[in-house]
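Scroll down for the structure; my scribbles are underneath it.
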Amino acid sequence: MPATGDGRAPGATGLPGAHDGARTGRARNHPAATTGPTTASPIPHPRSRASRLGDTPAAPAAPAEAPVEAPVEGGTPPLRLLVIEDDLSDAQLIKAAAADSGTSIELHWARGLDQAAALLTAPASPARRGRGRGAEFDCVLLDLASPADLPHPSDASDGLEGLHELLRRAPHTPVVVLTDAAGAELGAAAVAAGAQDFLIKHETDGPLLARALRYAVERKRADESQRRLVEAELRGQENARLQRHLLPTPLLDGAGLSFTRRYRPGRRRALLGGDFYDAVRTDDGTVHVVIGDVCGHGPDEAALGVALRIAWRTLVFAGLTGETLLTTLQHVLEHERRSDEIFATLCMLVIEPGGSDADLDSLGARERARLYLAGHPAPLLLGRDHRPFTLPADLAGPALGLLPCHDGGAAWPAHEVELQPGWRLLLYTDGLIEGRVGAGSRRLGQDGLADLVADHQTAGLTRGRLVDSAIAEVEELNGGALTDDVAVLLLERNPVQLILG
């Protein structure tokens, strides 16, 4: 049922205050429109002796003129209260209590739930925009004896049908219910069913009404905050589970390697960015490691990164390696990307099993690796003398997706690398080196990262502490969190401790 233009439901004219949405609880003055004073007869209180005995009240004098609200202290708007009440005497009681409450209350009336629903669902006026979902009124005062106007009455009547329907129609508005003296247990049941408080009609005065309304508003606000907090915690737990499944678990059993990884999406509240990584050991003992970066920062790029990572692992276990693998991976990229402008950089290492006994020294065997770069920054090799250096990138090929595979420039030759015993390799995406240094435009770069890591190594930091401290300093130099996705891998050959007899 539509609301009338003055904010009251049709048919509500018989209720006090319904004619003007009267605001009560403040002293008001208005110049008289007639010559000489006029006196309005007092509204008979339902608990007065005359009312109880059924005495006929004196004939009312001329009605008082429309009140003008006094300025509200501190600019606080009045509490907008929707009263659902079909009994005139109870309505008079509510109006009198609101006038004596000492609180600025703007009363609106509805005879039943249908009229109330029309007001509750009416669009908020521009002046009150931003009050929140369905919060045209600060609170609803519901007489449980008012007609529920239910379209589908419940079979099991518990006296709370109207409350259930009101909570369904206005779930985010606080509700206080009214009962008679014999309905205290029903009031308690209403609170258990979702109301914020209950009042007994003929025991309610102004201060008690004001306290109940304020309590209802604050309790509903606290309940909403708790609900949002629980939803955020559940969403965080779900996101953590999703991230654990989307990020890979390295398969390095039997490789004798330590694998430390850190991953930070650049997008706020994102599960993943466009960066990806993986590491597996095949049956012949060869270790394959990859780290890559899809250009862009949206969810499409994140999904493409996951697709490339899964495809890479599948191709490795299928026996592909080197340029054959990268060519096939580019075909996957070309079919999965949403635009021809999307490309991905990639760094891949293939570490062969340790050498013969002739290659052993005091810490173990020398190893060989093949390095493939597709437009990606080269890894840092961290030696035993704490002097990292960047592996050569002179044989780097283009990023995947930039050139067609049949183009002669789309080649990714291998660079042979000899790894000394006790080696450590730091692989990373460009988000780690593109942060600024200070307030200027200078970037950290690969040389700056090598110097920074050297300082942290000299301080005795290793593994996770080394990676975390390096990322923290990069962010400090940048003056805040890095805006690009960051993935960092630290792959280490565990030293072999020889026992001398």
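Highlighted here are the strands (runs of 3 or more DSSP E) found entirely within the stretch 172-271 that include at least 1 residues which are within 30 Å of T286 (Cα to Cα) and at pLDDT 90 or above: 257-264. It is to be established whether one or more residues within the stretch 456-476 are among the hydroxyl-bearing types (S, T, Y), in contact with a helix residue (DSSP H, G or I) (Cβ under 9 Å, 6 or more places away or on another chain) and under 24 Å from G322 (Cβ atoms). No: the stretch 456-476 contains no residue that is among the hydroxyl-bearing types (S, T, Y), in contact with a helix residue (DSSP H, G or I) (Cβ under 9 Å, 6 or more places away or on another chain) and under 24 Å from G322 (Cβ atoms). Taken together, the residues in the stretch 462-487 that are open to solvent by 20 Å² or more (accessible area, probe 1.4 Å), among the acidic types (D, E) and closer than 22 Å to L346 by Cα amount to 1. Scanning the stretch 203-230 for residues that are more than 17 Å from C139 (Cα to Cα), over 30 Å from the mean Cα position of the chain (by Cα) and open to solvent by 90 Å² or more (accessible area, probe 1.4 Å) turns up just one, E203.
Give me the residue from the stretch 173-211 that is among the β-branched types (V, I, T) and without any contact (Cβ under 8 Å) to a residue 24 or more places away in the chain and, out of that set, nearest to G162 (Cα to Cα). Across the stretch 173-211, the extreme among qualifying residues is V191.
Can you tell me which residues in the stretch 419-461 are surrounded by fewer than 16 Cβ atoms within 10 Å (Cβ to Cβ) and polar (S, T, N, Q)? Within the stretch 419-461, Q420, S441, T458 qualify.
The values are calculated or read from the model by the stated rules, or taken from the named source; none is laboratory data. For clarity, every value in this text was computed on a predicted model and none was experimentally measured. Note: ideal-geometry Cβ built from the backbone for every residue, glycine included; neighbour counts use all protein chains shown. Note: accessible area is taken over every heavy atom of the protein model, side chains too, but ligands, DNA and RNA are not part of it. Shrake-Rupley method; radii C 1.70, N 1.55, O 1.52, S 1.80 Å.
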